[in-house]
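One structure is given here, and the rest of the page talks about it.
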Amino acid sequence: MNENQKAIDVSIIGGGFSGLYLGILLKMKGINCEIFNSGTGASQFWVGTMDFLDYHHNKDLESSFNEFKKEIPHHPYGYLNFNQINRAFIEFSAQFPEFTFSIENDKITNKYVLTTLGNLKPCVGMWNTIFHEFEQLDNSSIVILVDFSEFNNDAMYLVAKNLKETFSCTYKILKLSLKKLFDYWEENENQTEIKGKLSEYKIANYFDTHSDKVIIFGDYIQKELKNQNSEINLDKITSILFPPILGLKAERKIINLLSKYLNIECRELVALSPSLMSKRFNNSISEKVKELEIPIHNNFTFIEFDKIDDQDTNWKLKLLNKDGKIINVRSRFIVFAVGTLFQEGPLAEVREFKELFEKNSISIPNKISSSFELLFNNDRKSNIFVCGSALFSFMKHLDGEDEIKYGTGLGLSIISGAQIAAQLEKIII
Ligand SMILES: Cc1cc2nc3c(=O)[nH]c(=O)nc-3n(C[C@H](O)[C@H](O)[C@H](O)COP(=O)(O)OP(=O)(O)OC[C@H]3O[C@@H](n4cnc5c(N)ncnc54)[C@H](O)[C@@H]3O)c2cc1C
């Protein structure tokens, strides 16, 4: 990176899903931006759904959203209306067809997904391999829950128990062995045996590289369905549900081919542990960042910022790279997309965080404008925005607990990103 280059239009601090998605939106509008990221964030733990709001379940989403705004007016959603939210998700879904969104009467709505703990979680969208078709289940449905003996540790028994309490269908556990499956594949392919402990990444890579051999997997499932559940009529099986490990790139292909071959709908569950799901989304969002040639500087920690002069609100940023070198960058606009859980540098410590901003006449927590821009102490706009879950540590009357309590999740990243990109387009273009 050349320190003497001309000012960057927008510097995005933080390369989690909020920072990356905002970068994509800006670049698509013709706005130049660069991303500076120190390391890991909550995005690396994401489990596969697009959470927007978990509030007043008995109402349609728009009504519960409107009530939420009245009851919790200081929340970032307080600045938004449902049409803006709808538009933001539609724009996102056009970029990422890997997600399925729940839409009724042209409006997004909450649907439920099933976790590997067997409980249900509301979300507006989910990775497209995840099971959500509960409306298909009735008394006569038979659902097969696949328990890979080397991987699941009998988790599916818990899923079956919890599901029985909610949906009265028949649940059967199907015990499969990954080692056996890989042996079947190798017999037919003459490949070297998988070595060492089976991590979920190894398993997923193995599925990816064998996605053309799904028929062998299908035959193994059919054989074991007959062996383990001889009393079941295979034609009556509604769904086969797997833990989310069927690949990092080819999972969609595998699920589709398997469903077609077995003539039974196959899907994955939502994992409750840091999962391959975040890696899948991270791969696809990073690919888009690369395609759009958005510069991303990893291992760069934001440590300081100052006004270039008093009239202008151009900024001078200081970043620390992994070799301990301080890099100076000039930028017209800054967006903090630093999350809540993994803030680094001065942002990791409340006192330093506040002092750093106060030095530039910005109070933390901040009143923040309706387009998520920080305000100077004299209420003037600062050219500094906050995107995604970082809003919980910059905004007045909010804290990390509010983030968890109302289930806003990735939804806030998408919506605040859309709002900030629209505002920057108005100012810059
Ligand atoms: C276990 C878990 C599971 C989850 N599952 C879901 C789910 O299924 N659905 C859902 O909707 N939501 C889920 N969430 C919430 C969701 O993951 C977050 O809301 C979202 O990822 C936040 O993204 P972000 O980019 O705002 O923050 P982060 O992902 O935290 O990214 C912030 C980035 O900023 C960087 N950074 C921090 N300080 C600095 C600095 N000083 N300089 C430069 N860079 C810096 C960090 O290294 C990090 O990369 C989950 C969260 C957790 C913890």
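Any read-out appearing in this document is the output of simple, stated calculations on the displayed coordinates, not a laboratory observation. Just so you know, these numbers come straight off a predicted model, no measurement behind them. Because the Cβ atoms are built from the backbone with ideal geometry, glycine has one as well, and the counts that use them run over all protein chains shown.
Side notes on the structure shown:
- Highest mean packing comes first when the peptides 379-388, 141-150 are listed by Cβ atoms within 10 Å, giving 379-388, 141-150.
- A Förster radius of 22 Å, combined with the Cβ-Cβ distance separating Ser230 from Ser149, puts the computed FRET efficiency at roughly 0.65.
- Considering only Cys266, Pro244, Phe134, the residue lying farthest towards the positive end of the dipole of the stretch 131-269 is Pro244, judged by Cα position with unit charges set on Cβ.
- Relative contact order for the chain, counting Cα pairs under 8 Å that sit 6 or more residues apart, in percent: 24
- Cα centre as origin, Lys/Arg/Asp/Glu Cβ charges: the stretch 131-269 dipole, Debye: 120
- Treating each Cα of the stretch 260-356 as one equal point scatterer and applying the Debye formula with no solvent, the log10 of I(q)/I(0) at q = 0.15, 0.16 Å⁻¹ comes out as -0.85, -0.93.
- Structural descriptor for the stretch 341-389: relative contact order 20 percent, calculated from alpha carbon pairs under 8 angstrom and at least 6 residues apart.
- 11 Å cut-off, amide nitrogen to a point 7 angstrom out along Ala7 Cα→Cβ, residues in the stretch 388-429: none
- Computed Kirkwood radius, in angstrom, where 1/r is averaged over Cα pairs of the stretch 58-216: 19.2
- Selected from Ala418, Ile13, Leu158, residue furthest toward positive end of dipole (the chain; charges at beta carbon): Ile13
- Reach of Lys121 by Cα under 23 Å, taken over lysines that are not fewer than 8 positions away in the same chain: Lys59, Lys69, Lys107, Lys111, Lys161, Lys164, Lys172, Lys279, Lys405
- Ranked by the mean number of other Cβ atoms within 10 Å per residue, highest first, peptides 121-129, 367-375 order as 121-129, 367-375.
- Principal axis dimensions, largest first and in whole angstrom, of the stretch 12-78 by Cα: 41, 28, 20
- Our summary of shape: the Cα atoms of the chain have principal axis extents of 79, 51, 37 Å, ordered from largest down, in whole angstrom.
- Three semi-axes of the equivalent ellipsoid, the stretch 214-260, Cα gyration tensor, whole Å, largest first: 22, 11, 10
- Of the Cα atoms belonging to the stretch 271-429, the radius of gyration and Dmax stand at 16.3, 51 Å.
- Seen from Arg351, the other residues with C-beta closer than 14 Å to its C-beta sum to a net charge of -2, counting Lys and Arg as +1 and Asp and Glu as -1.
- Peptides 159-172, 403-416 ranked from most to least packed, by the mean per-residue count of other Cβ atoms within 10 Å: 403-416, 159-172.
- Alpha-carbon Rg/Rh ratio, for the stretch 131-269, with Rh computed the Kirkwood way: 0.96
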